[in-house]
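Inspection log for the structure reproduced underneath, given as structure tokens.
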Amino acid sequence: MGVRGLQGFVGSTCPHICTTVNLHELAESHRAKYPGSTPTIVVDAMCCLRYWYTAESWVCGGQWREYYSALRDFLAAFTSAGIKLIFFFDGTVEPGKRDEWVKRRLKNNREISRIFHYIKSKREQPGRNMFFIPSGLAIFTRFALKSLGQETFCSLQEADYEVASYGLQHNCLGILGEDTDYLIYDTCPYLSIGDLCLESLQTILLCREKLCESLGLRVSDLPLLACLLGNDITPEGMFESFRYKCLSSYASVKENAGKKGNIILAVSDYISKVLHLYQGEKKIEEMLPLGPNKALFYKGVTSYLLPGQKSPWLVQKPKSIITDKQMASLNPGSKQEVPMCIDPEFKQEVPVCTNPESMQEVPMCMDPEPNQEASVCMDRESKPEVPMCTDPESKPEVPLYTNPESKQKSPSEIDPKCNLEALTCTYPEVKQEDAMDMEPEIKQATMVSESEILKVARMHHVHSESYLVYNILSSGEIECSNTLEDELDQALPSQAFIYRPVRQRVYSLLLEDWKDGASTGPVVKEWFVYPGNSLKHPDLVRPLQMTVQGGTPSLEVLWLSQEPAAQARRLDTLLACFNLSSSREELQSVESPLRALCCLLIYLFVQVDTLSLEDLHAFIAQALCLQGKSTSQLMHLQLDYINSRAVQLGSLLVRGLTTLVLVNSACGFPWTTSDFMPWNVFDGKLFHQKYLQSEKGYGVETLLEQNRSWLTTFHNLKAVVCKACSKENRRIVGRIHWNSHYTGRQGRQGHGSYRSGSTHGHSGQSWRDQGSGGRQHEHDHWRRY
């Protein structure tokens with residue numbers, strides 16, 4: 001997200017800070033300077049998704065085989081240069097940045113509306129200028145990189161902080177990303193992913209020292225500048241009048257800089273000529289119009305301070321930062337946690353600051369060189385060592401049961417007790433009570449108490465092995481970004497509603513303590529994007545009890561037990577989450593990787609009455625034909641035209657696969673993760689082709705491309721799905737029967753039907769009536785509570 005206006009300013013006014021570099025040469029220089037060390041680049045993966053997704057087709061649900069191949073080529077280029085990559089993904093949206101997240105999601109909704117309008121009018125995919133990344137791309141990229149042997153981590157706070165912290169503490173060659181915040185952090189060099197030429201490994205290095213030289217600032221001034229210009233913590237409007245006052249008194253206005261560029265120059269000039277004059281003599285609040293925004297301003301500045309760093313602008317502690325009343329009006333939500341410390345050379349976890357009594361020591365990560373303390377500067381010999389904050393009683397966290405596919409070394413993790421200490425660790429002049437005033441949200445209790453279970457969940461989260469489980473357990477708040485859904489299609493409900501009963505059963509499983517004597521369960525806040533949702537508030541969703549044969553097992557059994565019978569309990573629980581316990585035997589007869597897909601298809605066809613027999617044929621046929629297709633064949637597949645309903649069905653299935661990731665990890669990994677990775681079971685263009693053929697009435701042999709060896713498997717899978725649906729009184733019929741079969745059914749504006757499972761309402765209940773929140777939402781045609 002970055003600093004407002006800085007990207008454009010660098011490109012137009014300060015192009016000299018951008019230097020073309022060759023990563024081969026940088027790696028050789030690093031090896032010469034640090035013999036025996038491997039040149040490492042830390043990658044902000046969320047910034048790279050658009051760069052990595054090079055497939056021509058993007059509206060049909062994703063060209064996952066092509067994408068996987070592109071990732072493999074990307075890694076091979078760096079491997080050939082002897083460069084190691086470390087990948088970080090966003091693992092949460094911090095409360096203070098929720099407004100910005102919502103703003104972007106609503107903007108995406110408008111873009112999606114234009115995409116569907118284009119498709120329905122032109123019957124073709126829009127140009128790359130309207131490109132929208134396929135649903136689930138970030139989630140499945142984590143698993144793709146892990147399967148390709150890469151160290152991949154999911155953040156416990158805003159990822160850019162953990163990326164910058166890792167890059168500094170591990171003396172990395174650079175940070176690969178596309179975020180101007182990396183110009184503000186005092187960390188290793190910032191390398192542009194957007195300008196990377198993979199063949200030559202040339203890219204642009206953006207030099208913060210040259211930026212400072214152009215602005216007449218010091219590197220330690222950049223966090224101050226970022227907050228005055230506006231970033232993800234301090235809203236752009238907070239210092240708007242101050243910036244214009246600076247501009248009005250600025251005597252060196254440049255014509256080629258534009259209004260925003262001159263504002264940056266004017267604010268920088270004020271910092272260097274006015275604020276520097278009184279630095280250390282006056283408090284910052286005496287020099288700037290902070291007013292009631294003092295706490296938010298301090299939070300913004302400290303958000304850029306990496307472990308061991310201090311800001312010269314915070315040398316004097318404010319006596320009274322903010323009142324409770326002021327804080328309530330500001331509603332800042334961002335946690336400033338202690339950064340996650342990850343050392344790929346160690347297999348044990350090193351708590352950053354595990355002694356809750358210690359409030360003055362500086363959190364540090366262990367140095368890649370054993371028995372040495374890490375320096376906080378680029379040159380490890382230029383600054384004194386900083387003591388590491390450790391607990392002598394801390395032990396490696398090794399759960400009894402882990403994902404059997406995981407081979408990744410354990411990173412160090414944050415001790416949750418250290419959240420309140422983050423600010424005092426980086427800025428000791430601010431006392432604990434002031435930090436608590438500035439960070440009220442971090443006093444909120446977690447949904448599940450600190451335990452072995454929460455530690456295991458955190459470990460799987462950090463290692464990118466699970467999806468949403470830790471967020472549910474720790475904060476009870478989750479989100480799901482935009483999906484390619486047509487808001488004008490009244491026959492198909494949103495994926496957010498279709499898969500909600502599954503999530504509710506997962507909540508019941510994870511938040512198990514509420515069952516003991518509690519009449520109502522806890523509420524999980526869902527920030528799910530769907531047409532008609534203003535996102536002014538989260539949906540408040542309660543757990544849904546499920547029935548597991550022999551009783552619902554505890555998380556200790558599902559996650560920690562090594563008894564032979566435990567694996568069967570894990571599978572029983574997974575099927576119960578989809579309300580498919582009665583179909584266990586039939587599903588067990590299906591071979592991998594089609595078993596998980598079959599489970600998903602049963603659930604979808606039970607839930608959504610407007611899915612037809614033709615849809616089922618298309619889903620099964622594409623999965624079978626995919627097994628015999630090469631990446632090149634899929635790449636050159638041509639479609640007669642694009643159908644908007646097929647576009648939405650493709651995204652709906654992929655969102656189902658992400659739901660499978662959630663359920664599988666919550667249940668202790670009963671199924672192999674690769675079974676429901678999209679590159680093994682789904683291809684967007686191939687599904688679209690089968691959908692168009694099925695819609696035209698083509699026979700099964702044609703759908704299967706005359707491959708008779710697949711006929712038996714096709715009919716077996718179809719029989720499993722139809723039999724399971726019939727147990728729920730769901731008869732799958734062709735579209736020719738729709739007019740009579742669906743008369744009077746309710747759904748989106750009176751069309752289509754969303755059927756609840758037998759544990760949640762009666763069959764045929766409209767999906768709009770599946771209200772589960774405790775808050776009454778504003779009236780609209782999407783939700784009736």
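The values are calculated or read from the model by the stated rules, or taken from the named source; none is laboratory data. The shown structure was predicted, so the numbers you read here are calculated from the model rather than taken from an experiment. Please note: Cβ atoms are built from the backbone with ideal geometry, for glycine as well, and neighbour counts cover all protein chains shown. The area values use the complete protein model at the heavy-atom level, side chains included, leaving out ligands, DNA and RNA. Shrake-Rupley method; radii C 1.70, N 1.55, O 1.52, S 1.80 Å.
Inside the stretch 92-120, residues that are modelled with pLDDT under 95 and small (Gly, Ala, Ser) make up a count of 1. Scanning the stretch 31-80 for residues that are assigned to a loop (DSSP other than H, G, I, E, B) and closer than 26 Å to Gln648 by Cα returns Tyr53, Thr54, Ala55, Glu56, Ser57, Trp58, Val59, Cys60, Gly61, Gly62, Gln63.
Any residue that is open to solvent by less than 10 Å² (accessible area, probe 1.4 Å) and of a type in the set (Phe, Trp, Tyr) - is there at least one of those in the stretch 127-135? Scanning the stretch 127-135, I find no residue that is open to solvent by less than 10 Å² (accessible area, probe 1.4 Å) and of a type in the set (Phe, Trp, Tyr), so the answer is no. Look through Leu224, Leu205, Leu196, Leu265 and report the one residue that is surrounded by 21 or more Cβ atoms within 10 Å (Cβ to Cβ), more than 26 Å from Lys97 (Cα to Cα) and either in contact (Cβ under 8 Å) with a residue 24 or more places away in the chain or more than 27 Å from the chain's Cα centre (by Cα) (or both). That would be Leu265, the only listed residue that is surrounded by 21 or more Cβ atoms within 10 Å (Cβ to Cβ), more than 26 Å from Lys97 (Cα to Cα) and either in contact (Cβ under 8 Å) with a residue 24 or more places away in the chain or more than 27 Å from the chain's Cα centre (by Cα) (or both).
Cβ-Cβ contacts under 7 Å between residues 6 or more apart (or on different chains), taken from a first residue in the stretch 271-298 that is under 22 Å from Gly216 (Cβ atoms) to a second residue that is at pLDDT 85 or above and open to solvent by 30 Å² or more (accessible area, probe 1.4 Å), are listed as Ser272/Gly216; Gln279/Pro312. The requirement of being open to solvent by 10 Å² or more (accessible area, probe 1.4 Å), at pLDDT below 95 and among the basic types (Lys, Arg) is fulfilled somewhere in the stretch 575-591, by at least one residue.
On the stretch given as the stretch 535-550, residues that are open to solvent by less than 40 Å² (accessible area, probe 1.4 Å), outside any strand (DSSP E or B) and either at pLDDT 95 or above or in contact with a strand residue (DSSP E or B) (Cβ under 9 Å, 6 or more places away or on another chain) (or both) total 3.
Let's see how each residue does on (1) open to solvent by less than 20 Å² (accessible area, probe 1.4 Å); (2) at pLDDT below 50; (3) under 37 Å from the mean Cα position of the chain (by Cα):
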position: Ser709; (1), (2), (3): no, no, no
position: Thr712; (1), (2), (3): no, no, no
position: His715; (1), (2), (3): no, no, no
position: Arg730; (1), (2), (3): yes, no, yes
position: Gly752; (1), (2), (3): yes, yes, yes
position: Gly757; (1), (2), (3): yes, yes, yes
position: Gly761; (1), (2), (3): no, yes, yes
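Is there a residue in the stretch 466-482 that is of a type in the set (Val, Ile, Thr) and part of a loop (DSSP other than H, G, I, E, B)? Scanning the stretch 466-482, I find no residue that is of a type in the set (Val, Ile, Thr) and part of a loop (DSSP other than H, G, I, E, B), so the answer is no. Consider the stretch 227-253. How many of its residues are surrounded by fewer than 16 Cβ atoms within 10 Å (Cβ to Cβ) and either among the basic types (Lys, Arg) or in contact with a Pro (Cβ under 6 Å, 6 or more places away or on another chain) (or both)? Going through the stretch 227-253 one residue at a time, the tally reaches 2.
Filtering the stretch 484-511 to residues that are polar (S, T, N, Q) and open to solvent by 10 Å² or more (accessible area, probe 1.4 Å) leaves only Gln490. Please indicate, with yes or no, whether at least one residue in the stretch 209-216 is under 30 Å from the mean Cα position of the chain (by Cα), touching a residue at least 40 places away in the same chain (Cβ under 8 Å) and open to solvent by less than 10 Å² (accessible area, probe 1.4 Å). No; the residues of the stretch 209-216 include none that is under 30 Å from the mean Cα position of the chain (by Cα), touching a residue at least 40 places away in the same chain (Cβ under 8 Å) and open to solvent by less than 10 Å² (accessible area, probe 1.4 Å).
Residue count for the stretch 643-696, restricted to those that are aromatic (Phe, Trp, Tyr), part of a helix (DSSP H, G or I) and under 23 Å from Arg500 (Cβ atoms): 1. Does the stretch 186-199 contain any residue that is in contact with a Leu (Cβ under 6 Å, 6 or more places away or on another chain), assigned to a helix (DSSP H, G or I) and not small (Gly, Ala, Ser)? So far as the stretch 186-199 goes, no, none of its residues is in contact with a Leu (Cβ under 6 Å, 6 or more places away or on another chain), assigned to a helix (DSSP H, G or I) and not small (Gly, Ala, Ser). The single condition from (1) under 30 Å from Ala257 (Cβ atoms); (2) open to solvent by 50 Å² or more (accessible area, probe 1.4 Å); (3) part of a helix (DSSP H, G or I) that Glu28 fails is (1).
Considering only the stretch 606-620, state which residues are within 28 Å of the chain's Cα centre (by Cα) and closer than 21 Å to Gln490 by Cβ. If the condition is that a residue be within 28 Å of the chain's Cα centre (by Cα) and closer than 21 Å to Gln490 by Cβ, then Gln607, Val608 are the ones that fit. Evaluation of Asp179 against the conditions (1) at pLDDT below 95; (2) among the acidic types (Asp, Glu); (3) farther than 27 Å from Ala70 by Cα shows that the sole unmet condition is (3).
Taking the conditions (1) closer than 15 Å to Ile175 by Cβ; (2) modelled with pLDDT under 95 in turn, Ser37 satisfies each one other than (1). If you take the residues in the stretch 144-185 that are hydrophobic (A, V, I, L, M, F, W, C) and in a loop (DSSP other than H, G, I, E, B), which one is most open to solvent (accessible area, probe 1.4 Å)? Ranking the candidates gives Leu148 first. Restricting attention to the stretch 597-613, does a residue exist that is touching a helix residue (DSSP H, G or I) at 6+ places or on another chain (Cβ under 8 Å) and of a type in the set (D, E, K, R)? For the stretch 597-613, residues touching a helix residue (DSSP H, G or I) at 6+ places or on another chain (Cβ under 8 Å) and of a type in the set (D, E, K, R): absent. Scanning the stretch 13-24 for residues that are assigned to a helix (DSSP H, G or I) and more than 11 Å from Ser200 (Cβ to Cβ) yields a total of 3.
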